[in-house]
1. Using the scaling law 2.2 N^0.38 Å as the reference, what is the normalised Cα Rg of region 238-282?
2. What's the angle, to the nearest 10 degrees (0 to 90), between helix 79-91's Cα axis and the longest principal axis of the chain?
3. Any idea what angle helix 103-116 forms with the longest principal axis of the chain, computed on alpha-carbon atoms, 0 to 90 degrees, nearest 10?
4. Please turn the phi angles of region 4-12 into ³J(HN,Hα) values with the Karplus equation 6.51 cos²θ - 1.76 cosθ + 1.60 (θ = phi - 60°), one per residue in order, whole Hz, x for glycine and proline.
5. Just to check I understand the Karplus step: with θ = phi - 60° and J = 6.51 cos²θ - 1.76 cosθ + 1.60, what whole-Hz values come out for region 179-184, glycine and proline as x?
6. Amide H neighbours of Met288 under 5 Å, counting only residues 5+ apart in sequence or on other chains, H built in-plane at 1.01 Å?
7. Along Cα→Cβ, 7 Å out, is where each label goes; now give me the distance between the ones at Asp149 and Glu240 in nm to one decimal.
8. List the relative contact order of the chain as a percent without decimals, with contacts defined as Cα pairs under 8 Å and 6+ residues apart.
Amino acid sequence: IKKIAVLTSGGDSPGMNAAIRSVVRTCAYMKLECIAIYRGYQGMIEGDFKEMNARSVNNIINKGGTILKSARCEEFRTPEGRQKAHAQLLKNNIDGLVVIGGNGSFTGALKLNDEFNFPVIGIPGTIDNDILGTTYTLGFDTAINTVVDAIDKIRDTASSHNRLFFVEVMGRDVGHIALNAGVGAGAEEILIPEQNLGLDRLLDSLKRSKASGKSSSIVIVAEGDKTGKNVFELKEYVEEHLPIYDVRVSVLGHMQRGGNPTCFDRVLASRMGVKAVESLIEGKSNYMVGIRDNQLILTPISEAIKAHTAIDEELVRVSDIMST
Ligand code: F6P
């Protein structure tokens, strides 16, 4: 293997830049050429490539987002689009590809491998932490710290005004951000898609809270939760059924995807980048790099995209006990 390309695709996440840096520097260390592909699969189709060297990635380990830009590409979903993309890879003499992204990005990588036997290795980059085969995805740790920081601030104003806040957090179909940040920020209730306990239980819990002397409360709502009500509808519902509360809503939104990566994400990204390049050199393909018990592991991409990671039941129990 002589030349490796790297791209970021799908929703960006903090730590992607640190992973790009690691791939580029590992290539330089191993005396391989490295090509950056801009704008994910769209850039691959259009040949938006740039040669990288160790100095091209100076001062990016600390930056959120992705210097390579990201895109969700419809054309790559078609066989014709993938044909064009593959032709660009061949034209540029690229022998292997590192894809940094989430489920959608890996599905694309898998197709490229299935159809053209092109060597690919994935690095999981998403704040949602929803990919099988790794305990942590890049950006998750930064995102939960961002959310905890935001909730700490909301708590200041909530307690000053004796208010109840519904705070909506990201996570697509899973509740990892909500559960972890909720426990970390001491939320009174956490509503996640994996566990729909119903609205009655929420009202009971809020009633008990008030009766026990709590003057303000924070309820974290995962965007994919299954109560059937969004945060604004939840506010109306509680105002109607429990008029003892003055309720406000805060949707944290895309600020959860930005910001400087935590040290954890930077270290993880650096380790995963080295492992990805080494794996391609060893002739491995179609694997995603993950981490379990602090050891880097490889999981077939086909397995990684099959399902979402299960919620941590022990943490659910801790959260129940803490909200007593
Ligand atoms: O997958 C990351 C994520 O931020 C999800 O948590 C969220 O549901 C989605 O992306 C938002 O996507 P977009 O940036 O396209 O609005």
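Coordinate-derived values only; no laboratory data. The structure presented is a predicted model; accordingly, all values stated were derived computationally and were not measured. All Cβ positions, even for glycine, are placed from backbone atoms using ideal geometry, and neighbour counts span all protein chains on display.
1. Numbers: Rg = 21.6 Å, N = 45, 2.2 N^0.38 = 9.3 Å.
Relative to the rule-of-thumb radius for its length, region 238-282 sits at 2.31.
2. Once rounded, one gets 50 degrees.
3. Once rounded, one gets 20 degrees.
4. Once θ is set to phi - 60°, the couplings for region 4-12 become 10, 10, 9, 9, 10, 8, x, x, 5 Hz.
5. Each residue of region 179-184 in turn: 5, 5, 5, x, 5, x Hz.
6. Gly122, Thr299, Ile301
7. Result: 3.8 nm between the two label points.
8. Values: 719 pairs, mean separation 77.0, N = 324.
Once normalised by length, the contact order is 24 percent.
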